[in-house]
Every structure is written in structure tokens, then in C-alpha cells.
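This is the structure I have questions about; it appears just below.
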Amino acid sequence: MVRVLIWVLNERGLAVSPEAEERIRSCTDHRVLSDWVGGALTVSSVEELFEEVREGAA
């Protein structure tokens, strides 16, 4: 799922910083990763993606 997320962000032309890539790669919560993949289709930046979906949020 991590590779798909990074691929979608790159294909949409969104800059994935090394810090953002590390955050994505280190996430082990499948619910968060799934939400990020869904959000990656509509956000205008990776930062916006992280704001929309908070790790550890119920």
C-alpha cells in the first residue's frame, strides 16, 4: 500500500519530500495508509494529506 500511495502522489505531480516519504514508509497503521491512499486522489499537497488524516485518530 505504501508503494501505491507514493506512486499516486508522484503521478499527480505532488512533491513527496524525503521527510514525507519517511513518514509514509514508517506508518504501520493500515487504516491510516488506506485513508491516505483515498485522500491522495484529491488533495493538493502531501501536507494537506497529513492534515486530513491524523495518525492515531479514531
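The values are calculated or read from the model by the stated rules, or taken from the named source; none is laboratory data. Quick caveat, the model's predicted, so the values are computed rather than measured. Heads up, the Cβs are rebuilt from the backbone with ideal geometry, glycines too, and the neighbour counts pull from every protein chain shown. Side chains included, ligands, DNA and RNA excluded: accessible areas come from the protein's heavy atoms. Shrake-Rupley method; radii C 1.70, N 1.55, O 1.52, S 1.80 Å.
Quick one: how many residues across region 24-39 are over 10 Å from the mean Cα position of the chain (by Cα) and not in a helix (DSSP H, G or I)? Steps first, answer last, please.
We begin by selecting, within region 24-39, every residue over 10 Å from the mean Cα position of the chain (by Cα); these are 26, 28-31.
Filter once more, so that each one left must be not in a helix (DSSP H, G or I): 28-29.
Residues flagged as over 10 Å from the mean Cα position of the chain (by Cα) and not in a helix (DSSP H, G or I) within region 24-39 amount to 2.
Need the failing condition index for E21 against (1) open to solvent by less than 40 Å² (accessible area, probe 1.4 Å); (2) under 9 Å from the mean Cα position of the chain (by Cα), just the number.
The single condition E21 does not satisfy is (1).
Only one of (1) among the aliphatic types (A, V, I, L, M); (2) farther than 13 Å from V53 by Cβ; (3) assigned to a helix (DSSP H, G or I) fails for V16. Which number is that?
If we test V16 against (1) among the aliphatic types (A, V, I, L, M); (2) farther than 13 Å from V53 by Cβ; (3) assigned to a helix (DSSP H, G or I), just (3) comes out false.
In region 32-41, is there at least one residue being of a type in the set (F, W, Y) and surrounded by 15 or more Cβ atoms within 10 Å (Cβ to Cβ)?
Step one: list which residues in region 32-41 are of a type in the set (F, W, Y), which gives 36.
Still in the list and also surrounded by 15 or more Cβ atoms within 10 Å (Cβ to Cβ): 36.
Yes, region 32-41 contains at least one residue that is of a type in the set (F, W, Y) and surrounded by 15 or more Cβ atoms within 10 Å (Cβ to Cβ).
Anything in region 3-58 that is at positive phi and either in contact with a Lys or Arg (Cβ under 8 Å, 6 or more places away or on another chain) or in contact (Cβ under 8 Å) with a residue 24 or more places away in the chain (or both)? List them, or say none. So that I can check it myself, show each step before the final result.
Taking region 3-58 as the starting set, the residues that turn out to be at positive phi are 13, 56.
G56 - this is the single residue of region 3-58 that is at positive phi and either in contact with a Lys or Arg (Cβ under 8 Å, 6 or more places away or on another chain) or in contact (Cβ under 8 Å) with a residue 24 or more places away in the chain (or both).
Going by the structure shown, is L49 more than 10 Å from the chain's Cα centre (by Cα) and surrounded by 13 or more Cβ atoms within 10 Å (Cβ to Cβ)? Steps first, please.
Working: more than 10 Å from the chain's Cα centre (by Cα): no; surrounded by 13 or more Cβ atoms within 10 Å (Cβ to Cβ): yes.
No: the conditions fail for L49.
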